[in-house]
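The values are calculated or read from the model by the stated rules, or taken from the named source; none is laboratory data. Since this is a predicted model, take the numbers as computed values, not measurements. Cβ atoms come from the backbone with ideal geometry, glycine included; neighbour counts cover every protein chain shown.
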Amino acid sequence: MKKIIGLVVNPVAGMGGSVGLKGTDGKMYKKALELGAKPGTPLRTKDVLSHIKNKDRITLLVASGKMGEEYVKDSGIPFAVIGTVGEETSAEDTKKIAGEMLTDGIEMLVFVGGDGTARDICDAIGLRIPTVAVPAGVKVFSSVFTVSARAAAEMVDAFVKSTDVTEEEVLDIDEEAFRGGRLASKLYGYLLVPNTKRFLQAGKEASGMSKSSIENKKESASYIAEQMDKKTLYLLGPGTTLKAIADEIGIPKTLLGIDAVFAKKLVGTDLNEKGILNLFERYKRKKIIVTPIGGNGFIFGRGSKQFTPDVIKQVGKENIMVVGTRDKLSKLDCLRVDTGDLEVDRTLSGYTEATIGYKEGMMVKIKC
Amino acid sequence: MNEVPYPPPKKIIEAAQRGLSHLNRYAEPKELEWLQGLLADYSGVSKKHVVLSPGSNLLLREAIHGFSKGRKVITVSPSFLPTIQAAKQFATKLVTIRLSPPEFDLDPELVMDMLNEPSLMIIDNPNNPTGNILLDRKMVEAIVENTDILLVIDEAYYEFSKETFVGMVQDHPNLAITRTMDKAFSLAGARIGYLVAGEAFLDAFSSLYAILPRSSLYAAIEALNNPDYMRDNVTLVIKERERLRKSLNKLGVHVYPSSTNFLLIKTKILDIAKRFKDIGVLISDLSSQLSPGFIRVSIGTREENDVFIAGYTKILEACT
């Protein structure tokens, strides 16, 4: 049985980069055109399709015109076209077409673009089906992206042969700040991707360490859950690693929010600073559990603004627990904090032991 | 796998062949003791401190198996993967210390802070895969002064780094050194590893009586009786290593200093290991241990290194 795979291409992704702009969000697309920018996604899309080995085992459902159709004609892969797009494409087109593809029963979605496109796909399909994110934008900081077009093709092949999936982060990059030379990113959401790390790595260095990140998260979650003291309030930060802890305890978790747990029972959901401080009046002993954002390593200040300097001060550095997969932590040079209060940032700086598996920790430096 | 590319001299191959002609027999205890004595002389310690093994990774595994009950295992990350795998399997708790670029240094203050409970500490010095020296005498002395701590230093690349703490073993019962003849002696296929162990380790290792294959045993004895070729190997490898480093620097590639027979490289081409594989060159992709773009390259013959440089040039051209 052939797999039905969707393909959505953001035809303007990456155009800003070639002419020195830091993205094509909003009116920047027109400016890029005026400066003579040429689209880079056609070549990238054709590159991915040419490297897919199991062409006879898939059928593509593609967006019309330059959002997909134009690049698949000579690929040797059977395809059908969905929707219509005008001369100028927008984020709304991406969301609308991805949504329609989902309704039409695609089993996986390949998209070509940057962080902005990833956010649109996140809005449209969430965690319902796996995706393969092909990097073609100016900003590709989200860990959801593959390292290359070839790696993307390998992911498609792995999916066809059947593989497990894992969640990867989609970041929201502030394009205005980025143009000003500052990387201001926060966690936007998650997409599912085929867990094909073992296909992308070779040799002795990877042998025996290729436990999937899902298993790794479960291991860490199980260890943390075992260590949880019944007389302490735990604030679980955003992220799937923290959700794994909630799953282990058997409670629901707001994926992008902060939830509170006491005696393994949920006592606060999607809390803001006020909600957290209110809980502090009832619970004396408290701990924060956070996971770093993949790629940049922030544990505070990006995607979890509810952990304000006041909240962090009241909890204390010694009561902050960091948890992450071995893979994610190994790829980070350090952990980072940017709470907006330099004194708090300095207090948090130094080494911390992050839980990266069952009874396994890693001493990592926190920098501000 | 960081082998030396030069085969051993003819005399060593002939010695191994002599061993093969006795394949129906185990090695004699006196032959094993002979090798033990030669390794003791080579290391400058008395014979009782030397434990033989088919490969030093088994000694590291045995140390973790034997000494991790009730002790935390502390090591560094990245590190020699079999050590981490064994620690994950046997240790009551494993804590790794993240070595971060650009220096990949081990922070002495952090190390001392971590030694507040009985622990088995295993450090590869130089470190694999960074090639960096992590320990100095002052740090080793400070660690072994705490008798609740057992320290194992993996000196697999000692002949290239010339840095060793083997001389401290006789005075410090809680110190042990693992070494190998796989690398500088060109004997990877013979698998001769050895431990130079302080008194605290010796009891546990007394039951590990490794009967080595005669071919390996005879080759190792011949190598230790005539070790000049090993010194030539080291000189050649270091010369090639530095030539390769300079050539890569000229290409604008970031190469880290190395005290071993391999180089750590940081590249912006994230799928470079795959690109090299496609042109028939195998390198080690470290993206599961360090941030994406890190690779480790073993030093080959001059011709092999030239193929690598030419391949790198082509890949760079294709990516720009």
| field | Of all residues in the stretch B:2-16 being buried (at least 18 other Cβ atoms within 10 Å of the Cβ) and aliphatic (A, V, I, L, M), the one that is nearest to residue B:180 (Cα to Cα) | value | B:4
| request: Residue by residue through the stretch A:345-368, note down the ones that are part of a helix (DSSP H, G or I) and touching a strand residue (DSSP E or B) at 6+ places or on another chain (Cβ under 8 Å). | output: A:345, A:348
| said: Just the residues that are farther than 24 Å from residue B:78 by Cβ, under 22 Å from the mean Cα position of the chain (by Cα) and without any contact (Cβ under 8 Å) to a residue 60 or more places away in the chain, please, taken from the stretch A:306-332. | reply: A:306
| task | Take the stretch B:38-69 and flag every residue that is closer than 23 Å to residue B:226 by Cβ, under 19 Å from the mean Cα position of the chain (by Cα) and in a helix (DSSP H, G or I). | result | B:39, B:40, B:42, B:43, B:56
| note | Restricting attention to the stretch A:145-172, the residues that are touching a residue at least 24 places away in the same chain (Cβ under 8 Å), away from every other protein chain (no Cβ under 12 Å) and not basic (Lys, Arg) number exactly 16
| message | When you check residue A:301 against the structure, is it touching an Asp or Glu at 6+ places or on another chain (Cβ under 6 Å) and within 14 Å of another protein chain (Cβ to nearest Cβ), yes or no? | response | no
| remark: The one condition residue A:348 fails out of (1) of a type outside the set (Asp, Glu); (2) touching a residue at least 12 places away in the same chain (Cβ under 8 Å); (3) within 14 Å of chain B (Cβ to nearest Cβ) is (3)
| message | Take residue B:287 and tell me if it is more than 8 Å from chain A (Cβ to nearest Cβ), in a loop (DSSP other than H, G, I, E, B) and either over 20 Å from the mean Cα position of the chain (by Cα) or touching a residue at least 12 places away in the same chain (Cβ under 8 Å) (or both). | response | no
| Just one of the numbered conditions (1) touching a residue at least 12 places away in the same chain (Cβ under 8 Å); (2) within 14 Å of residue A:233 (Cα to Cα); (3) not in a loop (DSSP other than H, G, I, E, B) is not true of residue A:281; which one? | (1)
| note | Considering only strands (runs of 3 or more DSSP E) wholly within the stretch A:219-275, the ones with at least 1 residues that are closer than 25 Å to residue A:301 by Cα and touching a Ser or Thr at 6+ places or on another chain (Cβ under 8 Å) are A:259-262
| Among the residues of the stretch A:351-368, which ones are more than 9 Å from chain B (Cβ to nearest Cβ) and surrounded by fewer than 22 Cβ atoms within 10 Å (Cβ to Cβ)? | A:352, A:367, A:368
| query | Of all the residues that make up the stretch B:251-284, how many are small (Gly, Ala, Ser) and under 15 Å from residue B:128 (Cα atoms)? | reply | 3
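Given the criterion surrounded by fewer than 19 Cβ atoms within 10 Å (Cβ to Cβ), without any contact (Cβ under 8 Å) to a residue 40 or more places away in the chain and either on the phi > 0 side of the Ramachandran plot or outside any helix (DSSP H, G or I) (or both), identify the matching residue among B:103, B:141, B:109.
None of the other options fit; the residue is B:103.
For the stretch A:158-172, which positions are polar (S, T, N, Q) and out of contact with any Ser or Thr (no Cβ under 9 Å at 6 or more places or on another chain)?
Selection gives A:162 alone.
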| request: Determine which single condition residue B:268 fails, assuming it passes every other condition in (1) charged (D, E, K, R); (2) under 19 Å from the mean Cα position of the chain (by Cα); (3) in a loop (DSSP other than H, G, I, E, B). | output: (2)
| query | Within the stretch A:309-326, restricting attention to residues that are part of a helix (DSSP H, G or I) and in contact with a strand residue (DSSP E or B) (Cβ under 6 Å, 6 or more places away or on another chain), which residue is surrounded by the most Cβ atoms within 10 Å (Cβ to Cβ)? | reply | A:326
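For every residue, the table says whether it meets (1) modelled with pLDDT under 95; (2) within 17 Å of the chain's Cα centre (by Cα); (3) not aromatic (Phe, Trp, Tyr).
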site: B:91; (1), (2), (3): yes, no, yes
site: B:109; (1), (2), (3): yes, no, yes
site: B:131; (1), (2), (3): no, yes, yes
site: B:156; (1), (2), (3): no, yes, yes
site: B:160; (1), (2), (3): no, yes, no
site: B:173; (1), (2), (3): no, no, yes
site: B:179; (1), (2), (3): no, yes, yes
site: B:182; (1), (2), (3): no, yes, yes
| remark: When (1) away from chain B (no Cβ under 14 Å); (2) crowded, with 23+ Cβ neighbours inside 10 Å are applied to residue A:332, the one that fails is (1)
| message | Among the residues of the stretch A:291-308, are any modelled with pLDDT of 95 or more and under 20 Å from residue A:228 (Cα atoms)? | response | no
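Which residue out of B:60, B:94, B:81 is surrounded by 19 or more Cβ atoms within 10 Å (Cβ to Cβ), of a type outside the set (Phe, Trp, Tyr), away from chain A (no Cβ under 12 Å) and more than 19 Å from residue B:184 (Cα to Cα)?
That would be B:60, the only listed residue that is surrounded by 19 or more Cβ atoms within 10 Å (Cβ to Cβ), of a type outside the set (Phe, Trp, Tyr), away from chain A (no Cβ under 12 Å) and more than 19 Å from residue B:184 (Cα to Cα).
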| said: Quick check on residue B:114: is it under 28 Å from residue A:333 (Cβ atoms) and either of a type in the set (A, V, I, L, M, F, W, C) or in contact with a helix residue (DSSP H, G or I) (Cβ under 8 Å, 6 or more places away or on another chain) (or both)? | reply: yes
| message | I'm checking my understanding of the structure. Among residues of the stretch A:118-144 that are among the hydroxyl-bearing types (Ser, Thr, Tyr) and away from every other protein chain (no Cβ under 11 Å), which one is nearest to residue B:273 (Cα to Cα)? | response | A:142
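Before we move on, is residue A:299 buried (at least 21 other Cβ atoms within 10 Å of the Cβ), in a strand (DSSP E or B) and in contact with a Gly (Cβ under 9 Å, 6 or more places away or on another chain)?
Yes.
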| note | Restricting attention to the stretch B:1-35, the residues that are free of Cβ contacts under 8 Å to residues at least 40 places away in the same chain and either under 20 Å from the mean Cα position of the chain (by Cα) or assigned to a loop (DSSP other than H, G, I, E, B) (or both) number exactly 3
| request: List the number of the failed condition for residue B:202; all other conditions in (1) without any contact (Cβ under 8 Å) to a residue 40 or more places away in the chain; (2) in a helix (DSSP H, G or I) hold. | output: (1)
| query | Looking at B:313, B:235, B:260, which one is more than 14 Å from every other protein chain (Cβ to nearest Cβ) and touching a Phe, Trp or Tyr at 6+ places or on another chain (Cβ under 6 Å)? | reply | B:260
| field | Failed item, numbered, when residue B:293 is tested on (1) more than 22 Å from the chain's Cα centre (by Cα); (2) surrounded by fewer than 18 Cβ atoms within 10 Å (Cβ to Cβ); (3) not aromatic (Phe, Trp, Tyr) | value | (2)
